[in-house]
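Q: Before anything else, here's the structure in question.
The values are calculated or read from the model by the stated rules, or taken from the named source; none is laboratory data. Because the structure is a prediction, the values reported are computed rather than measured. Reconstructed Cβ throughout: ideal geometry from the backbone, glycine too, with neighbour counts over all protein chains shown. In case anyone asks, the SASA skips ligands and DNA or RNA and just uses the protein heavy atoms, side chains included. Shrake-Rupley method; radii C 1.70, N 1.55, O 1.52, S 1.80 Å.
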Amino acid sequence: MNCILVIGGTGTVGRQVVSQLCARGARVRALARKPTTAGLPPQVEVVRGVLTLPETLDGCLKGIDTVFLVWTAPAAAVALALDRITKHAPRIVFLSGPFNTPHPLFQQPNPLRTLGEHIERLIENSGLQWTFLPPGMFAANALIWWAPQIRAGDVVRWPHLAAPTAPIDERDIAAVAVRALCEDGHAGAEYVLTGPQSLSQFEQMSTIARVLGRSLRIEEISPDEAPHELLTIGPLVAVNMLLSAWAAAIGQPAHVTSTVVEMTGAPARPFLDWATDHAADIRA
Ligand SMILES: NC(=O)c1ccc[n+]([C@@H]2O[C@H](COP(=O)([O-])OP(=O)(O)OC[C@H]3O[C@@H](n4cnc5c(N)ncnc54)[C@H](OP(=O)(O)O)[C@@H]3O)[C@@H](O)[C@H]2O)c1
């Protein structure tokens with residue numbers, strides 16, 4: 001049976017991929033920096049590996065047919081890590097970004113985009129059989145972006161409230177990933193994944209308020225104030241990437257694809273469902 005290594009299995013998407021692969025009865029191994037605290041299902045073989053230490057990857061990759069790759073490690077480590085993967089596994093499914101989708105939300109130049117495109121080129125030239133999964137904005141970003149302010153009080157201060165996105169549920173990304181990992185016929189394919197609806201950031205926050213039964217005051221902050229205020233959600237390079245993407249996206253609906261229903265037979269979950277199912281995480 002196909003043996004699948006999930007790299008990033010303790011993260012938002014990877015954890016879902018691991019659990020859906022297990023539910024399907026697939027043979028799953030997960031690479032983790034700290035296997036003892038990975039918290040993955042007992043049937044998963046959890047092995048220690050660090051993407052910036054390529055010598056730790058050979059053992060993780062032994063006997064593996066297909067790799068699911070989430071890359072959030074430093075750029076400098078990519079080429080050597082991919083060399084190791086190529087030596088062992090014939091097939092890879094890479095969680096990428098929608099670089100080829102001609103919507104302004106996805107077309108702003110930034111270092112993270114450059115890294116993602118670089119990884120795609122390395123994979124294309126590696127001889128691996130590849131599938132790219134570029135999602136739009138994750139619904140789960142709300143846990144990092146807005147939940148801390150919602151826990152602290154009744155005011156959420158945020159820039160570009162009118163910017164629309166089509167937030168995608170991590171369970172839907174994983175459901176498509178599982179198809180690409182377990183089935184034939186996906187080599188050389190890029191599947192752009194989005195949620196089912198275009199919703200402004202204001203509408204997404206209002207949905208969360210409704211689900212929580214809270215009356216939140218949602219205040220627009222200026223793009224000048226934003227870099228400073230948003231540093232709590234990530235490094236400046238990520239904040240600047242988001243600010244330019246949201247600014248460019250205002251004025252037209254978000255890009256919405258039907259890939260999730262086409263690949264899985266089930267419609268992509270609306271943001272309301274994601275918020276309902278994560279109400280406890282938002283409150284926690
Ligand atoms: N957020 C969005 O809206 C969005 C949209 C499109 C694309 N993406 C892409 O999605 C990816 C992030 O996915 P995610 O949110 O699921 O990631 P995540 O929750 O941040 O998880 C990252 C995973 O990578 C592992 N990891 C990090 N550095 C490592 C290293 N040096 N060695 C081994 N493992 C390492 C982490 O393991 P530990 O448990 O050890 O930390 C964790 O399992 C990024 O590539 C991003 O560009 C995101």
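Q: Let me spell out the model: positive unit charges on the Cβ of Lys and Arg, negative unit charges on the Cβ of Asp and Glu, origin at the Cα centre of the stretch 193-277. What dipole size does that give, in debye rounded to 20?
A: The dipole of the stretch 193-277 has a size of about 240 debye.
Q: Work out the length of the dipole vector of the chain about its Cα centre, built from +1 on the beta-carbon of each Lys and Arg and -1 on the beta-carbon of each Asp and Glu, and round it to the nearest 20 debye.
A: 740
Q: Which of the peptides 63-75, 106-118 is most tightly packed, and how do the rest follow, judged by the mean count of other Cβ atoms within 10 Å per residue?
A: Most protected by this proxy first, the peptides run 63-75, 106-118.
Q: Whenever you get a sec, compute what percent of the accessible area on the chain sits on carbon and sulfur atoms (1.4 Å probe).
A: Carbon and sulfur: 55 percent of the exposed surface of the chain.
Q: Roughly how many nanometres apart are two label points built 7 Å out from the Cα toward the Cβ at GLU219 and ALA266?
A: Going by the 7 Å Cα→Cβ label model, 4.0 nm.
Q: Let me ask something else about it. Which angle between 0 and 90 degrees, to the nearest 10, do you get for helix 12-23 versus the longest principal axis of the chain when only C-alpha atoms count?
A: Orientation of helix 12-23: about 50 degrees from the principal axis.
Q: Okay, moving on. What net charge is computed for the residues neighbouring GLU170, neighbours being all others with C-beta under 15 Å from the C-beta of GLU170, Lys and Arg scored +1, Asp and Glu -1?
A: Overall, the nearby charge balance is -2.
Q: Just to be sure I understand: of the beta bridges DSSP finds with both ends in the stretch 134-258, what percent are antiparallel, rounded to 5?
A: 20
Q: Moving on to the next point. Out of all Cα-Cα pairs in the stretch 97-232, roughly what percent, to the nearest whole number, are more than 28 Å apart?
A: 29
Q: Out of all DSSP beta bridges in the chain, what portion is antiparallel? Express it as a percent rounded to 5.
A: Around 5 percent antiparallel, to the nearest 5.
Q: For n ≥ 4 DSSP H runs only, could you compute -39500 (n - 2.57) per run for the chain, divide by its residues and tell me the 222 nm figure to the nearest 500?
A: -11000 deg cm²/dmol
Q: On to the next question. Net charge around THR257, counting only other residues with Cβ within less than 13 Å of its Cβ (Lys, Arg = +1; Asp, Glu = -1)?
A: Here the charged neighbours net out to -3.
Q: Would you kindly give the portion of the calculated P(r) for the stretch 153-284 that falls above 21 Å, as a percent of all Cα pairs?
A: Percent of Cα pairs beyond 21 Å in the stretch 153-284: 52.
Q: Give the accessible surface of the stretch 39-177 per residue, rounded to a whole number of Å², with probe radius 1.4 Å and ligands, DNA and RNA excluded.
A: Normalised by residue count, the accessible surface of the stretch 39-177 is 39 Å².
Q: Working from Cα positions, state the angle (0 to 90°, nearest 10) between the long axis of helix 111-124 and the longest principal axis of the chain.
A: 30
Q: As an exercise, take the mean of 1/r over every pair of distinct alpha carbons in the chain, invert it, and state the Kirkwood radius in angstroms.
A: Kirkwood radius, the chain: 19.6 Å.
Q: Take the Cα coordinates of the stretch 125-166, assign each an equal point scatterer, and use the Debye formula without solvent to give log10 I(q)/I(0) at q = 0.13, 0.14, 0.17, 0.25 Å⁻¹.
A: For the stretch 125-166 at q = 0.13, 0.14, 0.17, 0.25 Å⁻¹, log10 I(q)/I(0) is -0.48, -0.52, -0.63, -0.99.
Q: Would you work out if the stretch 158-224 is rounded, prolate or oblate? Take a ≥ b ≥ c from the square roots of the eigenvalues of the alpha-carbon gyration tensor; rounded if a/c is under 1.5, else prolate when a/b is larger than b/c, oblate otherwise.
A: Judged from the Cα gyration tensor, the stretch 158-224 comes out prolate (a/c at least 1.5, a/b above b/c).
Q: Expressed as a whole number of Å, what is the distance separating the alpha-carbon centroids of the stretch 130-185 and the stretch 1-43?
A: If you average the Cα positions of each part, the centres end up 20 Å apart.
Q: Using DSSP to define loop residues, name the GluC sites (Glu not before Pro) in the stretch 153-197 whose beta-carbon has at most 11 other beta-carbon atoms within 10 Å.
A: Passing both the DSSP loop test and the Cβ count: GLU183.
Q: Run through the stretch 200-284 and list the GluC sites (Glu not before Pro) located in a DSSP loop whose Cβ has at most 13 other Cβ atoms within 10 Å.
A: Within the stretch 200-284, the qualifying GluC sites (Glu not before Pro) (loop, at most 13 other Cβ atoms within 10 Å) are GLU225.
Q: Something else about it: Would you kindly state how much longer the chain becomes between LEU236 and GLU117 on full extension, computed as 0.36 nm times their sequence separation minus their alpha carbon distance, in nm to one decimal?
A: Taking LEU236 through GLU117 to full extension adds about 40.8 nm, to one decimal.
Q: Once the other residues with Cβ under 14 Å from the Cβ of SER96 are scored (Lys, Arg +1; Asp, Glu -1), what is the net sum?
A: Local net charge: -2.
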